[in-house]
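Everything on this sheet refers to the single structure shown next.
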Amino acid sequence: MMRTVSAAETAPTTHPWVVHTEGLRVRAGRHLAVDGLDLALGIGVHGLLGPNGAGKTTLMRALATVVKPAGGRLTLLGEQVDGRSDLRRVRRALGYLPQQFGFYPRFTVREFVEYMAWLKEMPKTAVPGAVQRAIDRVGLTAKANARMKTLSGGMLRRAGIAQAIVNDPEVLLLDEPTVGLDPEQRLDFREMLRDLSVDSCVLVSTHLVEDVVAACTDVVMINEGRLVYQGTPNDLTAQGGQGDAGDSPAERGYSALLRRHRAGAGR
Amino acid sequence: MTTHPSPAVITRYAEGGSGLDDATVWSVEVHLETCAGCRAHLAGSATDDTRALLDRVAAGLAGGIAAGPLPVRRQRPWSAVHRRWLVWALLPWLTMTVAVLGCAFLLEALRPGLPSLLLLLAPVAPLPGVAVAWSRRADPAWELITGTPSAGLTMLLRRTAAVLAIVIPALALAGAGSGISLALMLLPSLAFTTATIALGAVFGVRRAAAGVSLLWTLAVVLPSVVIEELPVILRPGSVPVWALAIVGLAAFAASRADGYRRLSSRN
């Protein structure tokens, strides 16, 4: 099928990074959950790793423009979004799956994704097609007309992924997307991530090191609100030695990095 | 439209294009896409083989359509209303508001000596509904919605309008029933709604609603019940003051429109 390519789509980008933070500080309640984070992300799939309470979810919320940073600079798609700027243009190019996402129980999956597409200000004529494509992509075609309250946990998660990708976002933020997915669905999800990584910046927050190694082009590790490490999955694997905790080379690399960071912070 | 190819060329095209060079075939195809007359000619000169093929394709398609899922039924707009979250979340609050107004109306009819309770309560009547309409505790999908470009003052106003659509007629009916001037009944409640929205940009809508209601109860409702006299601001002469307050507060809210783009932790 042919479609018209607009001038805006082919225009060269004028920003070096899709996501760029400098000294970013974000509060979660009174606690400073992200404290002076410097991060630069380009096109590709980036896996965000870190222990519980490292500030992953708070960072995701700040990147999704849901909460306002307490300090530092946050630039998305070349536009600064930390101040009182107009967020609409950036938000149209955003896809976000929160860690716990609420939904309207009486909506069907299709209505839910349609409603989100409408909120994302997609052109009215493009909505039905985009909704069907997003639902097909996450494998919920047979459940498209089921009410949200009848879905299982894994299906809900996939409905959440469908609403995040419905507007073909340039920045896709997925907070714990693989929770509740069975092994086969996780493989499909990794396949979808590889698809998306061609022309958008995807940040996937997860606890599962093997997900990152299998599907990500880049690993970002944070602890206590600061960047610990950024590199390729192979680099992460190379960090670990025989003495480190973990059942796979990547897990050993993860625990080695974390141990070294904690030792450095303790000094 | 391109020029019509000669009938002889179309006949040869229908027979498989033997003896026609590629450029002629392309131009015939481009022309056929836009010209119904030449398509009819082509259909008339199709060979038996082509007809058999077309019949097979048609039979295959018909079988696929019959076996496949039914097309999605187009929904009537009103059938979606009862599935909206806002409708169900507001229902208890609006029921309570209307019940309180009803009690005030009855009390006024039974005890004509007291200062008009309806007048005293009318200003704060829409506030519980407004607070619920823009609160992260009441809206399950707040995190998804806040990250979309549509989030902001417009959405808050749309939800407020839904609340006012119930509360204003209730106030007007009660006021008409007890012979109170319509302006004194409605203008203060509109002014308080505007004040809640305006202060909501600074403190969060829920807090603003609670603060404004508390202040009104302590400063006006309780004293006037105790001294059994209506305050100056609820007498007919104060209508212009209320109108001016609405304009001023609305202007303030409009100037702080960017304060509603993120649902801060205060809500």
At most 10 other C-beta atoms within 10 Å and a DSSP loop state: those are the exposed trypsin sites (Lys or Arg not before Pro) I care about. Give me the longest piece of chain B that has none. B:138-267
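Round to the nearest 0.05 the FRET efficiency obtained for B:Thr34 and B:Ile65 when R0 = 35 Å and r is the Cβ-Cβ distance. Before the final figure, lay out the partial values.
Working: r = 27 Å, r/R0 = 0.78.
The computed FRET efficiency comes out at 0.80.
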Karplus ³J(HN,Hα) for segment B:52-60 (6.51 cos²θ - 1.76 cosθ + 1.60, θ = phi - 60°; Hz, whole; x = Gly/Pro) runs 4, 4, 4, 4, 4, 4, 4, 5, x
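If you rank A:Lys56, A:Lys124 by fewest surrounding Cβ atoms within 10 Å, what's the result? Walk me through the numbers before you get to the answer.
Numbers: A:Lys56 27, A:Lys124 8.
Ranked by crowding around the Cβ, least crowded first: A:Lys124, A:Lys56.
Using a 10 Å cut-off around each Cβ of peptide B:136-143, what is the average number of partner chain Cβ atoms that fall inside? Mind showing how you got there, number by number?
Working: counts 2, 0, 0, 2, 6, 11, 4, 12.
For peptide B:136-143, the averaged partner shielding equals 5.
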Name the lysines eligible as straight-distance cross-link partners of A:Lys68: C-alpha to C-alpha under 26 Å, and not fewer than 8 places from it in the same chain. A:Lys56, A:Lys120
Compute log10 of I(q)/I(0) for the protein assembly as shown with the Debye formula, placing one identical point scatterer on every Cα and leaving out solvent, at q = 0.10 Å⁻¹, to two decimals. -0.93
Whose amide H sits under 5 Å from the amide H of A:Gly42, counting only residues 5 or more places off or on another chain, with H placed in the peptide plane? A:Val18
Could you give each residue of segment A:85-98 its phi-based ³J(HN,Hα) in whole Hz, using Karplus coefficients 6.51, -1.76, 1.60 with θ = phi - 60°, and x for Gly or Pro? 6, 6, 8, 4, 5, 5, 5, 5, 9, 9, x, 9, 10, x
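For a quick check: sort B:Ile145, A:Ile161 by the number of other beta carbons within 10 angstrom, fewest at the front.
Values: B:Ile145 19, A:Ile161 24.
Listed from fewest to most nearby Cβ atoms, that is B:Ile145, A:Ile161.
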Taking every DSSP beta bridge with both residues inside chain A, roughly what % is antiparallel (nearest 5)? 55 percent
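Say R0 is 41 Å: what FRET efficiency, to the nearest 0.05, do B:Ala58 and B:Ser27 get from their beta-carbon distance? Provide the component values of the computation, followed by the final result.
Working: r = 28 Å, r/R0 = 0.68.
That gives a FRET efficiency of 0.90.
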Please state the relative contact order of chain A as a whole percent: Cα pairs under 8 Å, 6+ residues apart? 23 percent
Diffusion coefficient, µm² s⁻¹, Stokes-Einstein with Kirkwood Rh over alpha-carbon pairs of chain B at 37 °C and 0.692 mPa s: 137 µm²/s
Taking H as built 1.01 Å from N, whose amide H comes closer than 5 Å to the amide H of A:Asp82, not counting residues under 5 places away? A:Leu74
Folded to 0 to 90 degrees: helix B:239-255 orientation relative to chain B principal axis, Cα: 50 degrees
Where does each of B:Thr47, A:Thr217 land when they are ranked from fewest to most other beta-carbon atoms within 10 angstrom? B:Thr47, A:Thr217
For A:Arg226, residues with placed amide H under 5 Å, excluding near neighbours: A:Asp35
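Please work out the Kirkwood hydrodynamic radius for segment A:203-267, using every pair of different C-alpha atoms, and report it in angstroms with one decimal place. Mind dumping the intermediate values first?
Values: mean 1/r = 0.0840 Å⁻¹.
Taking the inverse mean of 1/r over all distinct Cα pairs, segment A:203-267 comes out at 11.9 Å.
With the cut-off at 17 Å, report for segment B:7-67 the share of all Cα pairs above it, as a whole percent. Mind dumping the intermediate values first?
On the way: 888 of 1830 pairs.
Percent of Cα pairs beyond 17 Å in segment B:7-67: 49.
Only Cα pairs under 8 Å and at least 6 apart count here; give the relative contact order of segment A:12-73 as a rounded whole percent.
Working: 86 pairs, mean separation 24.7, N = 62.
The value is 40 percent.
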What are the extents of the Cα atoms of segment A:100-168 along their three principal axes, listed from largest to smallest and rounded to whole Å? 31, 20, 19
In vacuo Debye scattering of chain A, one point per C-alpha: log10 I(q)/I(0) at q = 0.09, 0.11, 0.13 Å⁻¹? -0.42, -0.63, -0.88
When chain A is treated as a Gaussian network with springs between alpha carbons less than 10 Å apart, the largest mean-square fluctuation among A:Phe101, A:Phe189, A:Phe112 is found at A:Phe101
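How much mean residue ellipticity at 222 nm does chain B get from its helices, if each DSSP H run of length 4 or more adds -39500 (n - 2.57) and you divide by all residues, to the nearest 500 deg cm²/dmol? Numbers along the way, then the final one.
Numbers: 14 runs with 180 residues, N = 267.
After summing the helix terms and dividing by the residues of chain B, the value is -21500 deg cm²/dmol.
Using the Cα atoms of segment A:38-142 to build a convex hull, what is its mean projected area in square nanometres? Don't skip to the answer; put the middle values down first.
Values: hull surface 35.0 nm².
For the Cα atoms of segment A:38-142, the hull's average projected area reads 8.7 nm².
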In whole Hz, what ³J(HN,Hα) sequence does segment B:99-109 give by Karplus (6.51, -1.76, 1.60; θ = phi - 60°), x for Gly and Pro? 5, 4, 4, x, 4, 4, 5, 5, 4, 5, 5
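FYI, it's all coordinate maths here, none of it is from the lab. Since the model is a prediction, treat every value here as computed from it, not as a measurement. FYI the Cβ positions are ideal-geometry reconstructions off the backbone, even for glycines, and counts take in every protein chain you see.
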